[in-house]
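**Student:** Below you'll find the structure I mean.
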Amino acid sequence: MITRTTVKSFLDTASWISLGFLLLWIGISSCSAPATTSSIDQRVDSVLALMTIEEKIGQLNLPTAGDFVTGSAGSSDIAKKIEQGLVGGLFNIKSVTRIKEVQRIAVEKSRLKIPLLFGMDVIHGYESVFPIPLGLSCSWDMKLIEQSARTAAQEATADGINWTFSPMVDLARDPRWGRVSEGSGEDPYLGSMIAQAMVRGYQGDDLTANNTMMACVKHYALYGAAEGGRDYNTTDMSRLRMYNEHFPPYKAAVDAGAGSVMASFNEIDGIPATANKWLLTDVLRTQWGFDGFLVSDYTGVSEMVAHGIGDIQTVSARALAAGMDMDMVSEGFLTTLKKSLEEGKITEKQLDDACRRVLAAKFRLGLFDDPYRYCSEDRAKQEVYTSENRALARKAATESFVLLKNEKNTLPIKKSGTIALVGPLADAKENMPGTWSVAARSADAISLREGLTKAIGTSAKLVYAKGANLDEDAAFEERATPFGKTLHRDPRSATALREEALRIAKNADVIVAAMGESAEMSGESSSRTNLDIPATQKELLKALLQTGKPVVLVLFTGRPLTLVWENENIPAILNVWFGGSEAGDAIADVVFGEVNPSGKLTMTFPQNIGQLPLYYAHKNTGRPLQGPWFEKFKSNYLDVTNEPLYPFGYGLSYTTFEYGSVKLDKESMTMTDSLTVSCEVKNTGSREGSEIVQLYVQDLVGSITRPGESKVVSFTISKKDLSFYNQDLAFVAEPGEFKVYVGGDSQTKNEAKFVLR
Ligand code: BGC
């Protein structure tokens with residue numbers, strides 16, 4: 001039975017040998033432009049006319065709530081500023097009661113009664129937490145991804161939040177960078193589709209509805225291209241690469257009507273994004289038509305002093321003049337813009353424009369009509385962390401898992417006999433939600449140990465030992481487990497821990513090893529130069545293998561890791577990323593075979609870090625390698641092949657699929673024409689399964705088939721799908737030959753050829 005069909009497509013703009021593909025996705029749904037009506041403009045003008053310079057600047061100030069707690073609201077420094085009209089919004093404040101209290105100060109005590117925006121990093125769910133974004137992207141399921149954002153908005157708005165700092169759409173091709181966990185991987189087109197799905201999910205059709213919230217696309221731009229994978233680091237690239245590879249997801253989110261955009265920390269062409277006029281005004285507003293508001297990242301304005309482009313007054317003035325509207329946390333705008341205005345360093349028009357855009361956002365959200373629109377205690381009680389939302393988060397988690405290896409059908413395992421569960425991530429509920437899960441109820445998250453125990457009931461016996469700490473170095477473990485995400489470090493020696501694990505493993509029928517990274521080993525400021533599983537865990541794995549029992553590695557990670565040894569030696573590897581609040585139950589669903597895994601990687605797994613950056617859509621050199629490996633004077637390495645360990649698009653299932661040949665409805669198409677590509681996909685295994693079918697020039701099609709069943713998947717290619725930015729940065733399609741490939745991952749050789757005339 002076919003239960004799901006998604007159509008995904010890729011476009012090849014380079015010659016095919018290197019698989020130098022640019023991913024395209026057929027069937028982008030058209031999204032309406034933001035509804036900034038003339039009536040909003042008029043209302044904004046009428047408010048603006050009443051405002052003093054200080055009040056205008058105040059709207060551009062976005063402090064963090066910090067220790068702003070109920071009871072202290074009236075007397076805190078922020079409260080005083082709100083009263084004086086010196087705050088435009090607040091973030092990092094949770095609970096409807098507290099938010100209501102703060103909103104009341106703004107609308108009852110400030111002179112103009114302008115309501116506040118309430119922001120939060122609602123990144124992958126609110127209290128019902130979905131998989132980390134990189135994991136969720138591996139579902140390739142736009143409907144599910146949109147639903148996850150819808151659910152997050154439903155919960156967050158029920159709890160007082162009206163603005164989320166999501167989606168994060170930075171293209172990421174270097175897994176040393178910890179923030180790859182927050183995005184959708186390496187591909188511009190897949191990233192674009194996900195960006196749009198997220199914006200649709202958060203903002204819905206009507207931003208004024210009390211269950212939709214404003215999206216904030218981040219981090220504009222090129223944040224994922226930090227040199228050396230070190231967070232906040234410099235980026236430097238050609239305009240062609242920006243336009244063809246890194247810009248598309250930001251633009252797609254803008255096209256989908258995203259109400260706000262956050263600037264990135266890095267510099268571009270020598271100027272920090274936060275004050276980069278070309279980026280913020282020329283590209284974003286003039287070329288793409290963005291009419292929402294821009295916010296800096298956390299202290300992004302004051303950090304420009306360290307970047308070396310001036311003192312706080314200079315950098316604040318430069319940011320405003322470049323098109324920045326709101327200053328997150330720095331208070332550079334608040335403390336210096338008036339002076340800059342008096343000294344002629346900025347104009348009142350620049351200030352008015354920024355203020356106008358912030359006010360327009362508040363009108364769009366309906367806050368002027370009802371400042372408490374998102375503050376219903378009843379909704380907070382009834383709509384957050386519901387069983388329905390948690391069930392969706394569990395389903396999403398199962399779709400995000402990627403089966404990397406499954407020798408001799410080691411997985412799924414049976415619910416019988418004795419199962420030994422070992423590893424530092426096995427009983428680690430605080431780590432299940434993953435990085436950037438600000439609103440999570442970590443104490444309630446389902447650990448793997450709980451999930452497996454619940455799933456087996458009385459049919460099998462589960463024995464548990466930690467077996468190893470996250471890392472031998474306690475100081476490293478401390479750095480890797482901040483924000484209460486403890487792994488409850490065991491003070492015993494590595495040997496004592498290992499021996500305990502071996503004792504229980506020896507008498508078990510199967511060993512489930514829960515290992516990898518802690519949740520905060522990826523995410524912000526969690527760059528790594530070594531992408532191995534920490535050595536102490538690897539030692540444990542080796543010892544477990546020596547028992548001769550089947551070992552299943554349940555791999556927790558927020559990024560691609562280097563797993564050559566594991567791939568060679570461990571019979572089964574299930575990559576579960578960080579699955580969210582319901583992770584433990586979801587992993588049990590897949591480990592015991594209730595759900596057949598279908599996730600496919602959206603980021604290449606390298607063999608080693610020396611290959612980085614490694615991604616499938618790379619260009620050919622003039623000396624591409626023709627054979628499998630080393631050839632003198634060809635583009636390759638002496639010590640390792642050019643191949644990844646696991647390519648983009650890779651992922652196994654408990655069943656198998658066979659692909660028929662690629663069929664085209666015609667051999668050539670014109671600029672106004674379209675072409676249909678089809679391929680038969682057959683489930684050749686013994687159980688029902690889902691396969692994400694991928695097509696290059698390019699197309700991916702997902703389907704679920706029953707054993708023995710086959711389905712013809714087809715898609716349409718038109719000119720738009722064959723276009724790219726040329727040397728003049730014009731978006732064009734060039735006549736000539738193209739190839740399409742249809743298969744189960746980006747290395748497929750199943751191809752056909754056509755001509756564009
Ligand atoms: C991050 C942003 C985040 C902001 C507010 C920054 O450090 O880079 O992604 O939205 O903090 O929490």
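The values are calculated or read from the model by the stated rules, or taken from the named source; none is laboratory data. Predicted model, so just to flag it, every value in this text is computed and none were measured. Note that each Cβ is placed from the backbone with ideal geometry, even for glycine, and that neighbours are counted across all protein chains shown. Remember, those area values only see protein heavy atoms, side chains included, never the ligands or the DNA or RNA. Shrake-Rupley method; radii C 1.70, N 1.55, O 1.52, S 1.80 Å.
**Student:** In the stretch 579-593, how many residues are part of a helix (DSSP H, G or I) and either within 8 Å of ARG394 (Cβ to Cβ) or aromatic (Phe, Trp, Tyr) (or both)? First the steps, then the outcome.
**Tutor:** Just the residues of the stretch 579-593 that are part of a helix (DSSP H, G or I), to begin with: 583-591.
Still in the list and also either within 8 Å of ARG394 (Cβ to Cβ) or aromatic (Phe, Trp, Tyr) (or both): 585-586, 589.
So the answer is 3.
**Student:** On to the next question. Any residue at all in the stretch 125-137 that's away from the ligand (no atom under 16 Å from the Cβ), over 24 Å from THR386 (Cα atoms) and not assigned by TED's automatic domain parsing to the domain that holds ARG441?
**Tutor:** Of the residues in the stretch 125-137, the ones away from the ligand (no atom under 16 Å from the Cβ) are 127-131, 135-137.
The next check asks that each one be over 24 Å from THR386 (Cα atoms); those that pass are none.
No, the stretch 125-137 has no match at all.
**Student:** Count, please, the residues in the stretch 455-483 that happen to be open to solvent by 40 Å² or more (accessible area, probe 1.4 Å), part of a loop (DSSP other than H, G, I, E, B) and away from the ligand (no atom under 16 Å from the Cβ).
**Tutor:** Residues flagged as open to solvent by 40 Å² or more (accessible area, probe 1.4 Å), part of a loop (DSSP other than H, G, I, E, B) and away from the ligand (no atom under 16 Å from the Cβ) within the stretch 455-483 amount to 5.
**Student:** May I ask you to verify whether LEU625 is closer than 16 Å to LEU563 by Cα and of a type in the set (A, V, I, L, M)? Talk me through it step by step, then tell me what you get.
**Tutor:** On the way: closer than 16 Å to LEU563 by Cα: no; of a type in the set (A, V, I, L, M): yes.
No; evaluated as a whole, the condition is false for this residue.
**Student:** Let me ask another. Hey, among the residues in the stretch 546-600 that are among the β-branched types (Val, Ile, Thr) and touching a Gly at 6+ places or on another chain (Cβ under 9 Å), which one's surrounded by the fewest Cβ atoms within 10 Å (Cβ to Cβ)?
**Tutor:** Filtering first and then ranking leaves VAL554.
**Student:** Let me ask another. Against the conditions (1) within 15 Å of ALA465 (Cα to Cα); (2) in a strand (DSSP E or B), where does ALA505 fall short? Just the number, please.
**Tutor:** All conditions are met except number (2).
**Student:** In this structure, is ALA420 crowded, with 20+ Cβ neighbours inside 10 Å and assigned to a helix (DSSP H, G or I)?
**Tutor:** Values: crowded, with 20+ Cβ neighbours inside 10 Å: yes; assigned to a helix (DSSP H, G or I): no.
So ALA420 does not fit the description; no.
**Student:** Something else about it: Cβ contacts < 8 Å: first residue among the small types (Gly, Ala, Ser), restricted to the stretch 428-443; second residue within 16 Å of the ligand (Cβ to nearest atom) and open to solvent by 40 Å² or more (accessible area, probe 1.4 Å), any location; separation 6+ or different chain. Result?
**Tutor:** These pairs meet every condition: ALA439/LYS94.
**Student:** Please verify whether the stretch 237-252 includes one or more residues that are within 16 Å of the ligand (Cβ to nearest atom) and under 17 Å from the mean Cα position of the chain (by Cα). Steps first, please.
**Tutor:** Going through the stretch 237-252, the residues within 16 Å of the ligand (Cβ to nearest atom) turn out to be 249-250.
Add one more test, that the residue is under 17 Å from the mean Cα position of the chain (by Cα), and what stays is 249-250.
Yes: one or more hits.
**Student:** Let me ask something else about it. For the stretch 175-192, give me each residue that is in a loop (DSSP other than H, G, I, E, B) and either within 16 Å of the ligand (Cβ to nearest atom) or closer than 11 Å to ARG559 by Cβ (or both). Working first, answer last.
**Tutor:** The first filter runs over the stretch 175-192 and keeps only residues in a loop (DSSP other than H, G, I, E, B), leaving 175-177, 183-187.
Correct list: PRO175, ARG176, TRP177, GLY183, SER184, GLY185.
**Student:** LEU452 versus (1) crowded, with 24+ Cβ neighbours inside 10 Å; (2) assigned to a helix (DSSP H, G or I); (3) in contact with an Asp or Glu (Cβ under 6 Å, 6 or more places away or on another chain): which is the lone unmet condition?
**Tutor:** So LEU452 meets the others, but not (3).
**Student:** Where in the stretch 296-365 are there helices (runs of 4 or more DSSP H), lying wholly inside it, with at least 3 residues that are within 16 Å of the ligand (Cβ to nearest atom)? Before you say what the answer is, go through the steps one by one.
**Tutor:** Numbers: elements: 303-307, 312-322, 332-342, 348-364.
So the answer is 303-307.
**Student:** Please name all residue pairs, on different chains or six or more residues apart, with Cβ atoms under 9 Å, provided the first residue is in the stretch 75-88 and is farther than 13 Å from ASN61 by Cβ and part of a loop (DSSP other than H, G, I, E, B) and the second residue is open to solvent by less than 30 Å² (accessible area, probe 1.4 Å) and not β-branched (Val, Ile, Thr).
**Tutor:** So the pair list comes out as SER76/PHE68.
**Student:** Only one of VAL122, VAL107 is of a type in the set (A, V, I, L, M, F, W, C), in a loop (DSSP other than H, G, I, E, B), touching a Phe, Trp or Tyr at 6+ places or on another chain (Cβ under 9 Å) and assigned by TED's automatic domain parsing to the domain that holds LYS81; which?
**Tutor:** VAL122
**Student:** With the requirement that a residue be out of contact with any strand residue (DSSP E or B) (no Cβ under 9 Å at 6 or more places or on another chain) and buried (at least 22 other Cβ atoms within 10 Å of the Cβ), what does the stretch 233-247 give you? Talk me through it step by step, then tell me what you get.
**Tutor:** Looking only at the stretch 233-247, we keep the residues that are out of contact with any strand residue (DSSP E or B) (no Cβ under 9 Å at 6 or more places or on another chain), and these are 233, 238, 241, 246.
Residue satisfying the conditions is HIS246 alone.
**Student:** Which residue, of TYR615, TYR646, TYR637, TYR654, is of a type in the set (Phe, Trp, Tyr) and open to solvent by 50 Å² or more (accessible area, probe 1.4 Å)?
**Tutor:** Just one listed residue meets the conditions, TYR637.
**Student:** Residue pairs, Cβ under 7 Å, 6 or more apart or interchain, first in the stretch 212-229 and not assigned by TED's automatic domain parsing to the domain that holds LEU367 and part of a strand (DSSP E or B), second among the charged types (D, E, K, R) and open to solvent by 10 Å² or more (accessible area, probe 1.4 Å). List them.
**Tutor:** Cβ pairs passing all conditions: none.
**Student:** Mind checking which residues of the stretch 710-757 are part of a strand (DSSP E or B), hydrophobic (A, V, I, L, M, F, W, C) and open to solvent by less than 70 Å² (accessible area, probe 1.4 Å)?
**Tutor:** At the first step, the residues of the stretch 710-757 found to be part of a strand (DSSP E or B) are 710-718, 724-725, 731-732, 736-743, 751-756.
Next, only the ones that are hydrophobic (A, V, I, L, M, F, W, C) stay: 712-713, 715, 717, 724, 731-732, 738, 740, 742, 752, 754-756.
Selection gives VAL713, PHE715, ILE717, PHE724, VAL732, PHE738, VAL740, VAL742, ALA752, PHE754, VAL755, LEU756.
**Student:** Also, quick follow-up: Scanning for something exposed (fewer than 15 other Cβ atoms within 10 Å of the Cβ), hydrophobic (A, V, I, L, M, F, W, C) and without any contact (Cβ under 8 Å) to a residue 24 or more places away in the chain, does the stretch 484-503 turn up at least one residue?
**Tutor:** Of the residues in the stretch 484-503, the ones exposed (fewer than 15 other Cβ atoms within 10 Å of the Cβ) are 484, 488, 491-493, 495-496, 499, 503.
In the following step, the residues that additionally are hydrophobic (A, V, I, L, M, F, W, C) were identified as 496.
Cutting the leftovers down to without any contact (Cβ under 8 Å) to a residue 24 or more places away in the chain gives us 496.
Yes, the stretch 484-503 contains a residue that is exposed (fewer than 15 other Cβ atoms within 10 Å of the Cβ), hydrophobic (A, V, I, L, M, F, W, C) and without any contact (Cβ under 8 Å) to a residue 24 or more places away in the chain.
**Student:** Only one of GLU101, GLU146, GLU108 is touching a helix residue (DSSP H, G or I) at 6+ places or on another chain (Cβ under 6 Å) and away from the ligand (no atom under 16 Å from the Cβ). Can you tell me which? Break it down into steps so the answer makes sense when it comes.
**Tutor:** Values: GLU101 fails: touching a helix residue (DSSP H, G or I) at 6+ places or on another chain (Cβ under 6 Å); GLU108 fails: touching a helix residue (DSSP H, G or I) at 6+ places or on another chain (Cβ under 6 Å).
Result: GLU146 is the single residue among GLU101, GLU146, GLU108 that is touching a helix residue (DSSP H, G or I) at 6+ places or on another chain (Cβ under 6 Å) and away from the ligand (no atom under 16 Å from the Cβ).
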